[in-house]
Amino acid sequence: MPAFSLDPPQSAWCAELRALAAERLRPLAEKGEPGHVNRALVAELGQLGLLERLFTSGAVDLCLMRESLAYACTEAETALALQGLGAHPVHAHGTLAQRERWLPRVADGTAIAAFALSEPAAGSDAAALELRAEAGASEPVAESDGGARWRLTGEKCWISNAPEADFYTVFARTTPGAGARGVTAFLVPADRPGLTGTGLDMLSPHPIGALSFDAVPVTADDVLGEVDRGFRVAMGTLNLFRPSVGAFAVGMAQAALDATLAHTAQREAFGGKLKDLQSVAHQVAEMALRTEAARLMVYAAATAYDEGAADVPKRAAMAKLLATETAQYVVDQAVQLHGARALRRGHLLEHLYREVRAPRIYEGASEVQRGIIAKELYATREAAQ
């Protein structure tokens, strides 16, 4: 069974990342406009070499980056994560030409990536997606002059970095009625004719939008992986990024916990410090207990991924589920212990309260994670009989 503990170099690197986030990334984040891509922030992530590590490191390093950045600057964490989510399918399944064109620009922060899976009627049930890839177009596309061609028609929704990304990893149905087996992944540059988008005004401060595909042309040169095997591309990407969503959540939980420790240690109430009230002390202990349990599960799942363990889907789902639900609990309790001051615009906990809600939904809602866990448990039981 995979186990995890930080070694001294990892601990030092995490401390360095938290300092960099506070000193160099947060000032850029504060200058950004909510709901829009902060290109200056992304470029700084590239300058610091963090985006390149998305393609040269494993799941544990990804989690260390996401937890450390989330602790000090959630905007920087999310910007890094979205670059990785959108570009990982290119890194893992792209052709040499696709990788050479896009990955250096993602790594230096000059190209914005996006992962376009969800649709208005296909969110949690991703295999039900309806964006159609219809064969039969004959016109040349971009710089390609060969191979089968399709036109993409339909909509995507709840897409992070849309509509401002420079390219999208798009999942479309190439074989009607085939469920998950009839989906193909395409790399679609944002300047393709027929591709338009609009931003959505969401609770989370990072950019989220909808995309409309009006006969958008794609060719065999745009396919990521194999035709009709795109669902494998999607699930492989999510198996890597789900534990790191958990790391993001743990970083937020730790920030909320530390803020609560500082507040309750100095706040005068009922003739003493808040920390001296047993009910408060026990609540803080519970927050710390759950945060550490979530952290251990996140890094156990990441270690399992890096070691190629057979139970990665189950561990990834468990890690995301426990960590995101834990972070929601910890931030909520932190707000309660701080009182009204935590609800004031600009307060750390007011910010975390808005940030912490979405991870329980995206990349598979908590209910989806429970379904994956149960499915994997029963499959393991049946295989053992």
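Values for this structure:
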| read-out | value |
| --- | --- |
| Angle between the chain longest axis and helix 74-93 axis [Cα atoms, degrees, rounded to 10] | 30 degrees |
| Stokes-Einstein D for region 306-374, Kirkwood Rh over Cα pairs, 4 °C, 1.567 mPa s (µm²/s) | 97 µm²/s |
| Neighbourhood net charge (11 Å Cβ-Cβ; Lys/Arg +1, Asp/Glu -1) for Glu134 | +4 |
| Set of lysines near Lys320 by C-alpha distance (under 19 Å), chain-local residues within fewer than 8 positions excluded | Lys375 |
| Cut-off under 5 Å, modelled amide H: who pairs with Ser160 long-range | Phe115, Gly209 |
| Principal-axis tilt of helix 278-306 within the chain, Cα atoms, nearest 10 degrees | 30 degrees |
| Cα principal axis extents for region 232-384, largest first, Å | 62, 30, 24 |
| Total formal charge among the other residues, if their Cβ is under 14 angstrom from that of Thr174, Lys/Arg +1 and Asp/Glu -1 | +2 |
| Fewest-first ranking of Glu77, Glu355, using other Cβ atoms within 10 Å as the exposure measure | Glu355, Glu77 |
| Candidate aspartates and glutamates - alpha carbon under 13 Å from Lys273, same-chain residues fewer than 8 apart omitted | none |
| Taking Asp214, Asp7 and counting other C-beta atoms within 10 Å, the order from fewest to most | Asp7, Asp214 |
| Cα-based helix-to-principal-axis angle, 312-338 vs the chain, degrees rounded to 10 | 40 degrees |
| Efficiency of FRET between Arg267 and Glu307 - r from beta-carbon atoms, R0 45 angstrom, step 0.05 | 0.50 |
| Lys/Arg +1, Asp/Glu -1 at C-beta; the chain dipole; positive extreme among Gln283, Pro8, Ala185 | Gln283 |
| Orientation-averaged projected area, Cα convex hull of region 113-227 (nm²) | 6.8 nm² |
| Residues in region 243-275 that a label on Ala285 would reach, taking backbone N under 14 Å of a point 7 Å out along Cα→Cβ | 275 |
| Estimated inter-spin distance, Arg132 and Thr95, nm [label 7 Å along Cα→Cβ] | 2.6 nm |
| Two-site FRET efficiency, Arg344 against Arg370, from Cβ-Cβ distance with R₀ of 35 Å, rounded to 0.05 | 0.50 |
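Taken together, the values in this text are just the output of simple stated rules run on the coordinates, not laboratory data. Owing to the predicted nature of the structure, the values given are computational and were not obtained by experimental measurement. All Cβ positions, even for glycine, are placed from backbone atoms using ideal geometry, and neighbour counts span all protein chains on display.
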